[in-house]
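Let me begin by presenting the structure, written as structure tokens, before commenting on it.
The values are calculated or read from the model by the stated rules, or taken from the named source; none is laboratory data. Just so we're clear, the structure is a prediction, and the values are computed from it rather than from any experiment. Cβ: placed from backbone, ideal geometry, glycine included. Neighbour counts: every protein chain shown. Ligands, DNA and RNA are stripped out before the accessible areas are found, and what is left, the full protein with its side chains, is counted by its heavy atoms. Shrake-Rupley method; radii C 1.70, N 1.55, O 1.52, S 1.80 Å.
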Amino acid sequence: MDIGLDIESHDLVIDHYDLVLVRDQDMVAQALRQNLRFFFGEWYLAVDEGLPYFQEIFVKGADILTAESYFKKAIIQTIGVRELLEFSFEYTS
């Protein structure tokens with residue numbers, strides 16, 4: 001179980017003054033969203049974690065295969081994900 005976060009605002013979901021908890025597939029989906037939005041060095045307690053968006057992905061001439069591997073790794077390492085069956089990646093410069 002995890003505390004529910006709103007998909008659009010990323011704020012805590014509160015219903016009748018109580019935190020909403022997510023579980024099962026909703027919890028995994030929420031964890032995936034968080035992992036894929038976590039920028040490298042963003043959090044001072046985990047400066048070596050996150051996706052290197054500014055360092056390697058959002059740069060001119062970025063290596064597409066490297067960027068793809070970062071996303072796949074973030075997905076596979078998400079708690080609750082058993083395997084990655086299909087992956088589609090589109091890069092527009």
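Along the axis of the charge dipole computed for the chain (Cβ charges of +1 for Lys and Arg, -1 for Asp and Glu, origin at the Cα centre), the listed residues A67, S88, A46 are led at the positive end by A67.
The apolar share of the surface of the chain, taken as the fraction of accessible area on carbon and sulfur atoms (1.4 Å probe, ligands and nucleic acids excluded), comes to 54 percent.
When all protein chains stay in place and ligands, DNA and RNA are ignored, the 1.4 Å accessible-area order of I3, I75, I57, I14, largest first, is I14, I3, I75, I57. Taking every protein chain into account, the accessible area of the chain amounts to 81 square angstrom per residue (probe 1.4 Å). By how many degrees, between 0 and 90 and to the nearest 10, does the Cα long axis of helix 24-36 differ from the longest principal axis of the chain? Around 40 degrees separate the two axes. Can you list the residues of region 31-51 with backbone N under 18 Å from a point 7 Å past the Cα of L12, pointing along Cα to Cβ? Within reach of a label on L12: 31. Within the chain, the percentage of alpha carbon pairs spaced more than 22 angstrom apart rounds to 39%. Per-residue ellipticity at 222 nm, computed for the chain from helices alone with -39500 (n - 2.57) per DSSP H run of at least four residues, works out to -9000 deg cm²/dmol. Would you mind getting me the FRET efficiency between R23 and S69? Use the beta-carbon distance for r and R0 = 35 Å, nearest 0.05. Efficiency at R0 = 35 Å is approximately 0.70.
Remark on F39: its backbone amide H falls under 5 Å from those of L51, a criterion applied only to residues 5 or more positions apart or on other chains, H modelled at 1.01 Å from N.
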